[in-house]
């Protein structure tokens, strides 16, 4: 068991923790929507989640790209970064 834990990279742990925090926000938001029992308040909570989602995407992708930067060529890293940028542009429009 210790050998398995020793092989986990720090970047991966950071990505997992960010996703767990993001998931906790999502579940909490859903429970708050039920508690308030109001469409207006549910929309306000959902608006906050619309900010959290892209921030989580950017942070996890940044950590992942930094984590693999020394393992792949610069051109491949640039292609991945361009793909992330296109996702963000597509979400904005």
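The values are calculated or read from the model by the stated rules, or taken from the named source; none is laboratory data. Just so we're clear, the structure is a prediction, and the values are computed from it rather than from any experiment. Cβ atoms come from the backbone with ideal geometry, glycine included; neighbour counts cover every protein chain shown.
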In this structure, is residue 21 farther than 21 Å from residue 91 by Cα and surrounded by 11 or more Cβ atoms within 10 Å (Cβ to Cβ)? yes
When you check residue 12 against the structure, is it part of a helix (DSSP H, G or I), modelled with pLDDT under 95 and under 18 Å from residue 87 (Cβ atoms), yes or no? no
Please state which of the following conditions residue 89 fails to meet, knowing it meets all the rest: (1) loosely packed, with under 11 Cβ neighbours inside 10 Å; (2) part of a helix (DSSP H, G or I); (3) more than 20 Å from the chain's Cα centre (by Cα). (3)
So residue 71, is it in a helix (DSSP H, G or I) and at pLDDT 85 or above: no
